Amino acid sequence: ISLELSWALMYITLDGDEWVTEMVGIDDELVDANVVPPDDKMGDFATLRVDGEGIPHIGYSNNELASYARRVDGEWEMYEVENTLQYGAINPWVNITLDSDGIPHFAYEADGLVRYATLKHQEGE
């Protein structure tokens, strides 16, 4: 399978003098259909924050979804923040910030309105 990078969300770090590229996620629907709609690209306009423990957190849009990814123990966890299809077009920017406890907070625009969401803290996290 030949993969188009616009289907993927990538995380790139500098290790000494070499760049290390890591695939965070891929839009399986686009791969399965073997098409790339011109405006449906996973991870365009992604926002990255790194918490006090060095864990990367990424807010991004994935078609009509406001989405979130974080790396825990070397594996990427993917979350749907909100399906914004009911509101119409989503502005591709999904901004993320972390509070003092490392909990992510998101702001994004859907149908001309600014929306806010946060990840609920789970016991043991």
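Take the residues in region 7-34 that are surrounded by 10 or more Cβ atoms within 10 Å (Cβ to Cβ) and among the acidic types (Asp, Glu), then tell me which one is modelled with the lowest pLDDT. Result: 29.
Among the residues of region 89-120, those identified as modelled with pLDDT under 80 and either loosely packed, with under 11 Cβ neighbours inside 10 Å or outside any loop (DSSP other than H, G, I, E, B) (or both) are 90, 91, 92, 93, 110, 112, 120. Return the pair list, or none, for Cβ contacts closer than 8 Å from residues in region 57-86 that are outside any strand (DSSP E or B) to residues that are of a type in the set (S, T, N, Q) and surrounded by 18 or more Cβ atoms within 10 Å (Cβ to Cβ), at least 6 apart or on different chains. Going by the 8 Å Cβ cut-off, the qualifying pairs are 64/84. Among the residues making up region 47-56, those that are open to solvent by 60 Å² or more (accessible area, probe 1.4 Å) and in a strand (DSSP E or B) are 48, 49, 50.
The values are calculated or read from the model by the stated rules, or taken from the named source; none is laboratory data. Not measured: the values here are computed from a predicted model. We place every Cβ from the backbone using ideal geometry, glycine too, and count neighbours over all the protein chains shown. Just the protein is used for accessible areas: all its heavy atoms, side chains included, with ligands, DNA and RNA removed. Shrake-Rupley method; radii C 1.70, N 1.55, O 1.52, S 1.80 Å.
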